[in-house]
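Have a look at the structure below before the remarks.
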Amino acid sequence: MTTTRREVDAVLIGVGLVGTVLGRELTRAGLTVVGLERGRPRDTVPDFQGPKMHDELRYATRLELMQDTAQETLTFRHTVRDTALPMRRWASFLPGTGLGGSLVHWNGQTFRYQEDDFRQRSRLVERYGRGFIPADVTIRDWGVSAAELEPHFDRFEYLLGVSGKAGNLNGRKIPGGNVFEDPRSREYPTPPQKEPYGSAIFRKAAEDLGYHPYPQPSCNLSQPYTNPEGLSLRTCTFCGYCERFACEHFAKSSPQTVLLPVLLNDRNFELRTGCRVLRINVDQSRTVATGVTYVDAQGQEVEQRARLVILGAYALNNVRLLLLSQIGRPYDPTTGRGVVGSNYAYQTMSYPQVFYDESVNINPFMRSGANGTVISDFASDNFDHGPLGFIGGAYIGEIMTNGRPIGFHPVPPGTPAWGAAWKKAVVRHYNHTSTINVHGGSVATRQNYLDLDPTYKDAWGQPLLRMTFDFPENDIKMSAYVTRKAIEIGEAMGGRLVAGSPRKGPYDITEYQTTHNSGGTIMGTDPSTSVVNRYLQSWDVSNLFVIGASNYPQNACYNPTDTLGALAYWSADAIVTKYLKSPGPLIRR
Amino acid sequence: MEKMSRRSFFKGAGAVAAAVAVAPGCERPAPPRPPYSFFNADEASFVEAAVARLIPADETGPGALEAAVPTYLDRQLGGAWGGGERLYRSGPWQPGKPEQGYQLRFTPAELFRAAMRAIIEDLRATNRGSFAKLPAEDQDAYLRTLERESKDLGGVPSNIFFGSLLEMTIEGFFSDPVHGGNKDMVGWKLIGFPGAYANYYELVDQHGIAFKPPPMSLAQSAGDHAHPEPAPKRN
């Protein structure tokens, strides 16, 4: 038996970053909004309070804050020739669940993607010629420019209170900031965090080599801050329990700290937790969504009718829900036709390590999630790819996040995996090792994609998402080149030994890399190759907006959250200023 | 225990008795066995001896046995984790590539039970007695065989069992003592990790300082961590 609930103006699928921003903008415009969150309600007080939050085993190893794989996971294979098998536990990436979504457990690294990323195909063709992009690479322009997004980046960053230093203020380059960034209209809301020891060593080495180091933009705040919504954040204490944890100190920007309290107080908003959406419903024309069907916390099926549907779940779940709802044509890798599930991309990471003498105390536990010093000299198209034979790049940085010892006990290559020699090496190197991140982008290819698994199901009897992915040859070449540059910096950092190798295939889901899955519901200007238009409105169902990193046609090297927040405000602005005045397609197909 | 560590312990030591007293767990008598709720006596004997080889007591300090790692394993395997918490357990079950991750039907508790039973039987059948009574070198050689081969241990490939045992031993050595291992925070003291300690704001830019407070566990830090600033007002 399905209960039907009275129609509301808008329903949100997921109350994380996207749901919170859209909920706020739509209620502010006078709409009645219901937010459906599959996880539980939670807040800084009492849920995230110490000391229990500082439990590495519970949160970082056993993944307390993540989507429960016993109920819902996805299947994985390298190619269409393989049989996909379920990821029985998370490892490579960690989708969160619960009120606030993955922005509760994120590190807070807050980079803007560059114009070179938004117009990647056009810019590469302009600079290197049409034949330069490998044949199987399906990178596309996003349909939106850095200049169009700038006001929305600005608004999102001032909501979060990001701590950083501008490198380009209205076209004026500023040494010490990221001189490769596109013009920003004003300085960051708060100054950079303090620079830890390893990062300071990295900065000097990078400067000596002629690069342009800058403080990583951080949502672990450098000083107290009150945002335009009237909510206050505090100074980050560098406690070393950030990524995979919730912040007990009100020092990490998250929906709970920057916006949710305002939304939850709005009488036009109703939050329902424990509600898992099974599908988006459409009318007989299949061009109008009528609402959603979900299972509530008691296990009852409910139909919530709504005039506007906002799909803002985790990227992978956005793709799955469109496929389960049969909205948009599924992508077929054999023909290259169809759109939903196409252009799945990831990121391409490597981690050289610098091993120091015992006199050098790195103190890895005195870190925050997004502290550190980075360079963008080898990011995006900031360097000449002409002679190199690949596209894309990586930012490089000394951005260690913690010294929690179950996960962090570095030893030099060749050390036995256990026994007395292993133990001695752990004791010798624990406090005397610096890790460099080579944080690389990921091109979309014809063969990497997402669809529904034919065999495995979730706890509600619905097919799991199936991921078909292996590292593209282009990205392996990119990683080889940029990792070599990172090792050169490492060698200038004064250690005794630098160890590390570039990312190589095959992709291994048992090793954590990043939770930066992208694509599958990509945005664009051509309905035959994209799922949503440049305002993130479904080409097929005009009262459905799909918002997430699933919109990215390929993945840049930077952490995706800042760009997602800007896109959420960009889409909300289009809904409020254009769509609500004249409901229907904002762009004719 | 093993010849090498005994030599290094006793080398240059003036008083043998004093050396024994400060050599935790390195010589018999072994500490009295704690009450286990998951392991039976044979399993406990194997686990205690095995973890003592994975992270041995030596001149750097106590090892996994002294850190009560078997107690950690006992609690984990006997609890929700052992029962397959957060493990997707729907079939069909089929072997895959290593990059596709764990694909066995066993929960962690079932996996340990099956593998330990097979190991105990294997040693008996080959007249080697119990693992705990083997010389250290033979224990290491046996563990290396488990690690490198995929011998069938009651349906569990030995390398998968070994990987789980090693991973959980490291967890037990370095996790907060509230979980039963890392007794007296010996794992943290060994490497200089301060534990649940919360605030480095004043220290992070004192580059390279030697920071060696006694570590702090969750159980010790009663109540909340000290907040450097009052919580922001929320309506």
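Looking only at residues that are among the small types (Gly, Ala, Ser) and not in a loop (DSSP other than H, G, I, E, B) in the range A:340-359, which one is nearest to residue A:551 (Cα to Cα)?
Looking at residues that are among the small types (Gly, Ala, Ser) and not in a loop (DSSP other than H, G, I, E, B), I get A:345.
How many residues does the range A:379-438 contain that are in contact with a strand residue (DSSP E or B) (Cβ under 7 Å, 6 or more places away or on another chain) and surrounded by fewer than 18 Cβ atoms within 10 Å (Cβ to Cβ)?
2
Residue check, residue A:90 against (1) in contact (Cβ under 8 Å) with a residue 60 or more places away in the chain; (2) assigned to a loop (DSSP other than H, G, I, E, B), all met but one. Which one?
Among (1) in contact (Cβ under 8 Å) with a residue 60 or more places away in the chain; (2) assigned to a loop (DSSP other than H, G, I, E, B), residue A:90 violates only (1).
Which of the following residues is touching a residue at least 40 places away in the same chain (Cβ under 8 Å), of a type in the set (Gly, Ala, Ser) and crowded, with 18+ Cβ neighbours inside 10 Å: A:528, A:518?
When all the criteria are applied, what remains is A:518.
List the helices (runs of 4 or more DSSP H) that sit entirely inside the range A:161-270 and contain at least 3 residues that are buried (at least 24 other Cβ atoms within 10 Å of the Cβ).
A:197-208, A:255-258
Which residue out of A:266, A:208 is over 28 Å from residue A:383 (Cβ atoms) and more than 24 Å from the chain's Cα centre (by Cα)?
Just a single option satisfies the conditions, and that option is A:266.
What pairs come up if the first residue lies in the range B:66-86 and is within 21 Å of residue B:56 (Cα to Cα), the second is surrounded by fewer than 24 Cβ atoms within 10 Å (Cβ to Cβ) and of a type in the set (Val, Ile, Thr), and their beta carbons are under 6 Å apart, counting only those six or more places apart or on different chains?
Qualifying pairs under 6 Å: B:67/B:186.
Name the one entry in A:222, A:185 that is within 14 Å of chain B (Cβ to nearest Cβ), polar (S, T, N, Q) and either in contact with a Gly (Cβ under 9 Å, 6 or more places away or on another chain) or closer than 25 Å to residue A:21 by Cα (or both).
None of the others qualify; the one that does is A:222.
Here is a check on your reading of the model: is residue A:113 among the aromatic types (Phe, Trp, Tyr) and more than 14 Å from chain B (Cβ to nearest Cβ)?
Yes; evaluated as a whole, the condition is true for this residue.
Of everything in the range A:271-318, what is assigned to a loop (DSSP other than H, G, I, E, B) and either within 23 Å of residue A:71 (Cβ to Cβ) or modelled with pLDDT under 95 (or both)? Give them in sequence order.
Once the filter is applied, which keeps residues that are assigned to a loop (DSSP other than H, G, I, E, B) and either within 23 Å of residue A:71 (Cβ to Cβ) or modelled with pLDDT under 95 (or both), the range A:271-318 yields A:274, A:275, A:296, A:297, A:298, A:299, A:300, A:312, A:313, A:314.
Take the residues of the range B:177-214 that are charged (D, E, K, R) and not in a helix (DSSP H, G or I): which is modelled with the lowest pLDDT?
Step by step, filter the range B:177-214, then rank; the result is B:212.
Among B:203, B:146, which is of a type in the set (A, V, I, L, M, F, W, C), at negative phi, without any contact (Cβ under 8 Å) to a residue 40 or more places away in the chain and more than 10 Å from chain A (Cβ to nearest Cβ)?
B:146
Answer with yes or no whether residue B:128 is within 11 Å of chain A (Cβ to nearest Cβ) and free of Cβ contacts under 8 Å to residues at least 40 places away in the same chain.
So residue B:128 fails the test.
Just one of the numbered conditions (1) touching a helix residue (DSSP H, G or I) at 6+ places or on another chain (Cβ under 6 Å); (2) at pLDDT below 95 is not true of residue A:110; which one?
(2)
Would you mention how many residues in the range A:124-160 are in a helix (DSSP H, G or I) and crowded, with 22+ Cβ neighbours inside 10 Å?
6
Do we find that residue A:199 is more than 21 Å from the chain's Cα centre (by Cα) and within 14 Å of chain B (Cβ to nearest Cβ) in this structure?
yes
Pick from A:512, A:535: which is hydroxyl-bearing (Ser, Thr, Tyr) and under 24 Å from residue A:352 (Cβ atoms)?
A:512
Is the range B:175-188 home to any residue that is touching a Phe, Trp or Tyr at 6+ places or on another chain (Cβ under 8 Å), on the phi > 0 side of the Ramachandran plot and more than 7 Å from chain A (Cβ to nearest Cβ)?
yes
Tell me, yes or no, whether the range A:408-415 has at least one residue that is within 13 Å of another protein chain (Cβ to nearest Cβ), under 20 Å from the mean Cα position of the chain (by Cα) and under 29 Å from residue B:210 (Cβ atoms).
Scanning the range A:408-415 turns up no residue that is within 13 Å of another protein chain (Cβ to nearest Cβ), under 20 Å from the mean Cα position of the chain (by Cα) and under 29 Å from residue B:210 (Cβ atoms).
Test residue B:89 against the stated conditions and say whether it is away from every other protein chain (no Cβ under 11 Å), in a loop (DSSP other than H, G, I, E, B) and surrounded by fewer than 17 Cβ atoms within 10 Å (Cβ to Cβ).
So residue B:89 fails the test.
Would you call residue A:448 buried (at least 19 other Cβ atoms within 10 Å of the Cβ) and within 30 Å of residue A:276 (Cα to Cα)?
yes
Counting only residues that are among the aliphatic types (A, V, I, L, M) and touching an Asp or Glu at 6+ places or on another chain (Cβ under 7 Å), which one in the range A:488-502 is nearest to residue A:205 (Cα to Cα)?
Selected residue: A:492.
Within the range B:149-174, can you find the residues that are more than 7 Å from chain A (Cβ to nearest Cβ), part of a helix (DSSP H, G or I) and out of contact with any Asp or Glu (no Cβ under 7 Å at 6 or more places or on another chain)?
Within the range B:149-174, B:160, B:161, B:163, B:164, B:165, B:167, B:168, B:169, B:172, B:173 qualify.
Picking from A:482, A:498, which residue would you name as being β-branched (Val, Ile, Thr) and in a helix (DSSP H, G or I)?
Of the residues listed, the single one that is β-branched (Val, Ile, Thr) and in a helix (DSSP H, G or I) is A:482.
Taking the range A:39-67 on its own, how many of its residues are part of a helix (DSSP H, G or I), within 17 Å of residue A:20 (Cβ to Cβ) and either facing chain B (nearest Cβ under 7 Å) or within 20 Å of the chain's Cα centre (by Cα) (or both)?
Final tally of qualifying residues: 0.
For the range A:236-257, give me the residue count where each residue is touching a Leu at 6+ places or on another chain (Cβ under 6 Å) and within 7 Å of another protein chain (Cβ to nearest Cβ).
Number satisfying all stated conditions: 1.
Any idea which of B:175, B:164 is within 15 Å of the chain's Cα centre (by Cα), over 30 Å from residue B:95 (Cβ atoms) and of a type in the set (Ser, Thr, Tyr)?
B:175
Picking from B:84, B:78, which residue would you name as being within 11 Å of another protein chain (Cβ to nearest Cβ) and either in contact with a strand residue (DSSP E or B) (Cβ under 9 Å, 6 or more places away or on another chain) or not aliphatic (A, V, I, L, M) (or both)?
B:84
The values are calculated or read from the model by the stated rules, or taken from the named source; none is laboratory data. Everything numeric here is computed off the predicted structure, so don't read it as measured data. Neighbour counts run over all protein chains shown; Cβ positions are idealised from the backbone, glycine included.
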